[in-house]
Structure formats: C-alpha cells, structure tokens
Amino acid sequence: MNFRRFFLAAFVALFTAMTSNAANEGLEPLIQNVYSRDVQLLNGSWHYLLDQLEVGYYDYRREPTDNGFFKDHQVNNVDSYKEYDFDSAPVMAIPGDWNTWEDRFLHYEGTMWFKKDFLYEPDGGRAYLYIGAANYDAKVYVNGVKVGEHIGGYTPFNMEVTDVLKPGKNFVVVKVDNKRYLEAVPTVNCDWFNFGGITRDVMIVNVPKTYIRNYKLQLKKDSQNVVAGFIQLDGEKAQQKVSVEIPELKVKKEYTTDANGYVEFEFKAKPRLWSPADSFLYDVKVASETDAVEDEIGFRTIQTRGREILLNGEPVFLKGISIHEEAPFRSGRICSEEENLTLLNWAKELGCNYVRLAHYPHNEKMVRMAEKMGLMVWSEIPVYWTIQWENPDTYANAHNQLMEMIDRDQNRAAVIIWSIANETPHGEARDKFLSSLSISARKKDDARLISMAMERGDKSPTVISINDTMNQWVDIVSCNQYMGWYDGKNEKLDRVRWEVDYEKPLVFSEMGGGALAGHHGGKDEFWTEEYQAELYAKTIKMIDERVPGFAGMSPWILMDFRSPRRLLPHIQDGYNRKGLISNRGQKKQAFYVLQEWYETK
Ligand code: GCB
C-alpha cells in the first residue's frame with residue numbers, strides 16, 4: 001500500500017469510527033422543572049417520513065450530507081425536484097411511539113424523520129428546545145441547522161435555540177433512530193419493547209437572559225430539621241441575590257451566587273414530613289433578581305439501619321409493584337397523564353406504598369403523580385443484563401443517563417432509591433463499571449439510597465442466598481427471584497429458607513410468574529391464573545416464615561407488557577404475561593392474593 005492510500009484508508013477508518021459512534025452533542029445542562037416555566041408546547045401533529053436507508057442523512061457514498069431532510073428544501077418540482085416532502089407526508093401524534101401508530105410500523109427499528117412548523121415570537125429572553133425523551137438517538141435541527149444530538153431513550157435533554165429561532169415561522173426536524181446496538185444502553189437484548197419515536201413532551205422553554213437553570217432543596221442527609229440545596233444560575237449576570245421561599249414554613253432565605261452563578265446553602269426548618277400516609281408538598285419559590293420559579297416539594301429522610309429501611313426515622317415495609325411505562329388497554333408507550341394515572345391507581349388499589357419504575361426513568365409526570373399519591377419510587381437506568389462493561393463509550397452513556405435521571409428528579413421526595421443496574425453478570429469489569437456509577441450517584445445526591453437488582457447465589461438447593469461483590473456498593477440488597485417459575489415449580493417455595501449474610505435490608509425487586517387472564521385450570525398448570533395465584537400465596541408464606549430481614553418487594557409486574565422475547569402462541573403472543581393485570585385491564589387472581597397480604601402489612 002502506498003502512503004497516499006494508507007493515509008486515505010486511515011482517514012476513512014477514523015471518520016467511520018467518529019460517525020458510527022453516536023454521541024451527545026450541542027446539549028446544555030438540563031433546565032430544572034420545565035413544567036413551571038413559560039413554555040410553548042410543540043406536541044401535536046408532526047409530519048413523518050420512514051427512512052430505512054437513512055437517505056435523508058447520508059449521500060450515495062454513505063457520507064453525511066449537508067443537504068439532508070433537515071433542510072426541508074422547498075422546491076416546485078419544475079425547475080428542480082426532491083424525493084421527499086414533509087408537508088404532504090402523513091402526521092403522527094407527538095408524544096407517541098411509531099410502532100403502535102400504524103400497524104405496518106410495529107416491528108420497525110430504524111430512522112424516522114419528524115417535522116413540525118411553528119410560530120415563534122421572541123420576548124427578548126432566551127429560548128431552549130426541550131425534549132422529554134426520544135428513543136434512542138435523536139438528531140435535532142431547527143430551521144435547517146443542527147442544534148443537538150442526544151443518545152438514550154428515556155431521559156430529557158435541551159439545547160439553546162435563541163439564535164436559531166426567527167420571529168414568525170420556524171420549523172423543527174428530528175431524526176430519531178431506534179436501531180439497537182451491542183454497545184448501547186440498553187443493549188440489543190432485553191425483555192421489553194423498543195418503542196421508537198419522540199415519546200415525551202416537546203416544547204420551547206422561554207427563560208430570561210440570566211435564569212435559574214437548576215436548584216435542589218431536600219432535607220440534608222440524615223437530618224429532619226436542616227434543608228440543604230443549591231441554586232445554579234445560567235447567563236451573563238452570574239452574581240446575583242437569590243432567595244428561597246417556603247411560605248407555609250415561614251422560610252425566606254437570601255443568598256448571593258458566586259462568579260459561576262452558583263450557591264450552596266443550608267437552613268434550619270422543621271417541615272411536615274412527606275410519607276405515603278401524608279404525601280404533603282410545600283409550595284416553594286426560588287427567585288433571583290432576574291427570574292423566579294415555583295415548585296411543589298416534599299421533605300423526608302430515607303435511611304437504613306441494619307436490615308431495616310427507615311422513612312423519617314421509622315421502619316417502613318415496601319409494599320410495591322414493578323411497572324413498565326406501557327399504556328394500559330392499547331399497549332404503546334405511555335403518552336398521557338390519564339395513562340400514568342390508570343397504572344398508579346391500580347397500584348394504590350393493590351395496597352402499594354411503593355412502585356419500582358422499571359427498567360428506565362419513566363416520564364416526569366409519572367414521578368410527580370406518584371409523589372402526590374403517596375407512592376415511594378425506585379427509579380432506574382437501563383443498565384440491563386449483559387452490556388459492554390469494558391467499553392468506555394458504553395460507560396459514558398450509562399453515566400450520562402444516570403446523571404440526567406438524578407438531575408430531573410432530585411427534588412422528588414417520593415424517589416427513595418436510585419437503581420444502577422438490573423440482573424448483571426458477575427465479573428471484575430462489571431464491578432468497576434457499576435461501582436463507579438454508584439460513587440457518582442452518591443456524589444451527586446447523597447439523600448437517597450442506592451440499589452441494583454441482583455440475582456441469587458444460593459448456599460445449597462434449599463438455603464437461598466445472594467452472593468454478589470457489588471453488595472458493598474449498595475444500601476439495599478435487592479434480588480430478582482423466580483422460584484416457582486424459572487426455578488422449580490411452586491412446591492419449591494415450601495422447601496426453602498433464606499440466609500443472606502449482608503447486614504442490609506433485603507428486598508425482592510422482582511418475583512412472579514406468567515398467567516393468561518381468563519385462562520383457568522389446576523393450581524399446578526403453568527399459565528393459568530390459579531398457578532400464578534398459588535405462586536404468590538406460597539411466596540408470601542415463605543416470606544412470612546423463612547426470609548429474615550425482609551424489607552419489602554416489587555413483584556413482577558403490574559400489567560402484561562409487550563416483549564419480542566415472548567413467543568408462545570395463544571398464551572403470550574408477543575406479551576410478557578407476568579402481569580397481575582392483563583394489558584386489557586383484567587385483574588388476575590394473583591392481584592387479590594397480593595392485595596390481601598398488603599392489607600395486613
Ligand atoms: C427479569 C427481568 C425482567 C423480565 C423478567 C421476566 O428478571 O428483570 O425485565 O421481564 O425477569 O419476566 O423474565
């Protein structure tokens with residue numbers, strides 16, 4: 001190979017590496033509590049084009065083109081022509097997933113382009129484009145200019161568009177790609193549906209030139225009478241007088257931000273404590289000389305003592321249920337508050353005081369609603385099964401999703417647990433990856449507990465245990481256990497006892513088995529409601545008799561959900577059937593078994 005060819009080959013290899021490793025780009029730190037801001041919602045009808053070969057992004061040599069669909073060139077097809085047209089393309093409701101929008105898209109994984117026209121009138125301040133979530137890789141363009149790219153399907157992102165917007169007519173184009181990759185988070189293999197699309201709210205957020213970008217107010221770790229937090233301004237006038245006001249507590253505090261617009265504070269207060277029995281939230285006002293924002297914030301402590309979990313200093317038993325963010329009755333990605341409410345109402349009806357929002361951060365309104373309804377929340381990132389533990393890009397991606405999750409919900413008293421992983425294979429590289437996540441999460445937010453869903457490591461066939469070196473990095477030892485389903489039949493639950501050596505609370509982050517609603521038969525017949533109910537009854541008996549240090553659980557799962565891994569005809573038909581409620585809203589017998597037990601707890 002001569003030199004020129006060598007350099008050309010090296011250049012092409014480098015370029016390919018650069019372009020195929022998608023990365024976040026152009027994003028600004030998250031704006032806290034966008035829903036209390038002056039926003040222009042861009043939800044509604046968006047034109048869409050399915051682009052399997054990504055011709056709107058690459059030219060015929062598969063080089064990114066400057067002249068892609070994001071330009072939305074308007075031509076008359078006489079003097080020149082183009083082979084796409086947004087304005088005559090059909091529309092889709094945003095937020096929403098494309099897979100359930102049209103039957104023919106059900107299994108489509110790839111690129112979809114979206115376009116929306118909107119009118120904008122500048123108010124002299126700054127404008128951000130905020131997207132609540134887009135699965136998985138979103139490239140965002142305003143008026144033909146790329147303003148940002150975000151990787152990760154379940155967390156919000158925003159980019160400043162002040163200089164790109166014009167008075168009057170504007171348009172936004174988003175290329176969303178939900179292809180799965182080995183190096184991605186989650187990776188190619190997981191047990192839930194890869195709904196593609198702009199799945200959460202899209203809005204223009206209008207803020208003053210210097211504005212309150214972020215703030216946090218929570219009880220200081222382990223204290224019931226010191227509130228700790230920070231305010232972060234963004235803009236030219238970094239040094240300002242800022243204040244925190246909680247009228248019902250007669251609190252009004254003033255501080256001055258530093259040259260970076262930042263101030264950390266602590267003050268004494270004796271707030272009424274948030275709990276499932278009293279899900280009280282205070283009206284809080286955070287103000288600066290140039291901006292003000294309001295929030296509803298609850299205060300509580302969450303700690304562990306030996307094998308107990310303490311909420312506000314008192315032992316609490318987690319009566320929980322796991323939930324996917326999947327819409328009841330229509331089985332798409334949740335896209336309305338009513339759908340959030342239906343699921344959370346079912347959890348309340350079951351007698352829950354706690355929900356595991358699996359396996360990725362759910363929408364912000366879901367968390368806020370859970371908080372108002374008195375449900376404690378486990379929130380997690382999609383570090384699931386076997387991801388690439390040694391890949392630095394994979395780590396950066398997981399870390400970023402963790403930070404975005406915490407940033408968004410750091411003021412929610414309901415969130416008591418940040419979970420960093422689910423059912424991951426033991427090994428040094430995994431431990432390094434996950435312990436780093438645990439350290440980062442604690443550093444960012446020390447007022448919550450850290451956990452991860454572990455697997456069992458039994459001492460013998462009848463002495464059930466957990467043996468995971470990650471135990472030192474978590475506050476709660478959580479375990480997904482499936483005796484009676486993946487491990488033996490129900491009778492096994494009568495024969496075992498638990499012996500976990502870690503002096504920490506033990507929680508079943510999952511347990512359960514499948515049943516098709518309305519399918520009846522013997523108690524020992526898989527897939528019947530009777531089998532599932534018996535599995536729950538025997539698990540409960542085991543817990544009552546033979547699981548020391550048991551602090552709660554979130555059985556798998558509230559409602560049947562779509563999963564491409566579930567192929568059994570006539571029973572599964574593409575659904576994981578471990579729900580206590582079917583995807584059509586029918587309660588199975590096991591629902592009532594658990595409900596009865598939760599009533600006694
Ligand atoms: C698990 C996973 C969950 C699955 C479930 C199942 O352990 O954490 O994502 O859906 O098992 O049904 O097998």
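The values are calculated or read from the model by the stated rules, or taken from the named source; none is laboratory data. All figures in this text were calculated on a predicted structure; none of them were measured in a lab. Quick reminder, even Gly has a Cβ in these numbers, built from the backbone with ideal geometry, and neighbours come from all protein chains shown. To get the accessible areas, we keep the full protein, side chains included, count just its heavy atoms, and leave off ligands, DNA and RNA. Shrake-Rupley method; radii C 1.70, N 1.55, O 1.52, S 1.80 Å.
Figures for the structure shown
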{"read-out": "Apportionment of accessible area to carbon and sulfur, region 223-300, percent (1.4 Å)", "value": "45 percent"}
{"read-out": "Potential lengthening between residue 225 and residue 390 on full extension [0.36 nm per residue; Cα-Cα distance subtracted]", "value": "55.1 nm"}
{"read-out": "Mean Cα-pair separation over length for region 519-601, i.e. relative contact order, pairs under 8 Å, 6 or more apart, %", "value": "26 percent"}
{"read-out": "Kirkwood Rh (inverse of mean 1/r, distinct Cα pairs), region 223-300, angstrom", "value": "13.3 Å"}
{"read-out": "Charge-dipole axis of region 223-300 as Lys and Arg at +1 and Asp and Glu at -1 on Cβ define it, positive-most pick from 261, 246, 224", "value": "224"}
{"read-out": "log10 of Debye I(q)/I(0), alpha-carbon scatterers only, for region 248-377 at 0.22 Å⁻¹", "value": "-1.26"}
{"read-out": "Kirkwood-based shape ratio for region 93-193, expressed as Rg/Rh from alpha carbons", "value": "1.02"}
{"read-out": "Near-label residues of region 80-95 by backbone N, under 20 Å of a point 7 Å along Cα→Cβ of residue 73", "value": "80-89"}
{"read-out": "Where the chain is the region considered: accessible area per residue in Å², 1.4 Å probe", "value": "40 Å²"}
{"read-out": "Summed side-chain charge close to residue 583 - residues other than residue 583 whose Cβ falls under 14 Å, Lys, Arg +1, Asp, Glu -1", "value": "+4"}
{"read-out": "The chain: angle of helix 337-350 to the longest principal axis, Cα-based, in degrees nearest 10", "value": "10 degrees"}
{"read-out": "Within the accessible area of region 503-601 (1.4 Å probe), percent carbon and sulfur", "value": "50 percent"}
{"read-out": "Kirkwood Rh in Å, taken over all unlike Cα pairs in the chain", "value": "25.6 Å"}
{"read-out": "Degrees, to the nearest 10: 589-600 long Cα axis against longest axis of the chain", "value": "70 degrees"}
{"read-out": "Distribution of pairwise C-alpha distances over region 304-600, 10 Å bins, in %", "value": "6, 29, 37, 24, 4, 0"}
{"read-out": "Charge sum, other residues only, whose C-beta stays under 9 Å from residue 531's C-beta, Lys/Arg counted +1 and Asp/Glu -1", "value": "-3"}
{"read-out": "Crossing angle, helix 3-20 versus the chain [Cα axis fit, 0-90 degrees, rounded to tens]", "value": "60 degrees"}
{"read-out": "Protein accessible area in region 53-157, 1.4 Å probe - carbon and sulfur %", "value": "50 percent"}
{"read-out": "DSSP-loop GluC sites (Glu not before Pro) across region 136-187, with at most 11 other Cβ within 10 angstrom", "value": "none"}
{"read-out": "Rounded to whole Hz, the Karplus (6.51, -1.76, 1.60) HN-Hα couplings of region 56-62, x for glycine and proline", "value": "x, 10, 10, 8, 6, 8, 6"}
{"read-out": "For region 240-257, 3J(HN,Hα) per residue [Karplus equation, 6.51 cos²θ - 1.76 cosθ + 1.60, θ = phi - 60°, Hz, x = Gly/Pro]", "value": "8, 7, 10, 9, 10, 10, 10, x, 5, 9, 6, 9, 9, 10, 10, 9, 10, 7"}
{"read-out": "Region 68-119 - Rg (one decimal) and Dmax (whole number), Cα, Å", "value": "13.5, 39"}
{"read-out": "Over 25 Å (Cα to Cα) - which of 538/588; 115/216; 82/175; 459/538; 216/365 fall in this group", "value": "115/216"}
{"read-out": "Alpha carbon convex hull of region 24-155, projected area averaged over orientations, nm²", "value": "10.0 nm²"}
{"read-out": "Lys/Arg +1, Asp/Glu -1 at C-beta; region 436-572 dipole; positive extreme among 453, 516, 568", "value": "453"}
{"read-out": "Farthest positive-ward along the chain dipole, Cα basis, beta-carbon charges - from 490, 387, 559", "value": "490"}
{"read-out": "Cα point-scatterer Debye curve for region 446-601, base-10 log of I(q)/I(0) at q = 0.11, 0.16, 0.21 Å⁻¹", "value": "-0.45, -0.91, -1.34"}
{"read-out": "Neighbour net charge for residue 273 - beta-carbon separation under 13 angstrom, K R +1, D E -1", "value": "+1"}
